[in-house]
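*Asks:* Questions regarding the structure given below will be posed in turn.
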Amino acid sequence: MKNTILKAVAMAAALSPAVGLAQSKPTSATYITDEEVKAVNALPGVDRTIKVVDIGSENYAGAGGGGARGGGAAGGAAAGGAGRGAGGGAAGGAGGRGAGAQQGEPCGEQSTAPSSGGTPGMIAHDQQTEGYLIISGSGTLVTGGKIVNGRKSAADAEVTKVLNGPSCSGTAVGADVVKKVVKTGDIIVIPAGVPHGWTDIGDHVDYLSFRPSARVLEAGYTNPAIKK
């Protein structure tokens, strides 16, 4: 069966409340080159932050990634696969977030009733909005609903510290779940708290992701692969 490939090149922004001391005003630009994006994209996993930059009242970060899943579905938030070729049929967010995301405290709606018809492997970020621009390929993006019997990302998990801040992963259910095939050129905005994940990717989907949040990522981070 043909492997599917999910690649993310993510740009994350974090909004800061106007509390305490005034923010310094940056005086220079930060460049993330195509070569840097490709270097990080070549690493194992699906989603990896490249840089996080303090731009005054906000932080702005860039990330990249790529990973493979078999069976026509993209693994991500709850699939827990870190490397290329890992098996799994769960849908996922921008991927590579799984292992830590499943090891925290319970989150979402708690229920003892058997769940059926839900979408597994979904993720919702407490504070971080994501905007996707599809740049290559296509796949089914699943959004909406509510996570039932989920698990909060652990405080020391990569998804919490490096990728998206505190998040909740699990199966999403609800009449408002939307499954939509997206293609090159499409733009999707996913507000903080909205579950999302990928499924039914025939060959691959590449996208840019823009991520605003309340300074959940630490400014000054640079991926070790491109540190000089």
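*Asks:* Are there any pairs, at least 6 apart or on different chains, whose C-beta atoms fall under 8 Å, with the first in region 96-122 and closer than 14 Å to V177 by Cβ and crowded, with 23+ Cβ neighbours inside 10 Å and the second modelled with pLDDT of 90 or more and of a type in the set (A, V, I, L, M), and if so, which?
*Replies:* Short answer, once both residue conditions are applied: T119/V142; T119/A172; T119/V173; T119/V177; M122/V142; M122/I147; M122/A172.
Residues checked against (1) modelled with pLDDT of 75 or more; (2) in contact with a Ser or Thr (Cβ under 7 Å, 6 or more places away or on another chain); (3) more than 16 Å from A219 (Cβ to Cβ):
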| site | (1), (2), (3) |
| --- | --- |
| A8 | no, yes, yes |
| S16 | no, yes, no |
| G20 | no, no, no |
| A42 | yes, no, yes |
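The values are calculated or read from the model by the stated rules, or taken from the named source; none is laboratory data. Computed from a predicted structure; not experimentally measured. For neighbour counting, all protein chains shown are included, and Cβ atoms are generated from backbone atoms with ideal geometry for every residue, glycine included.
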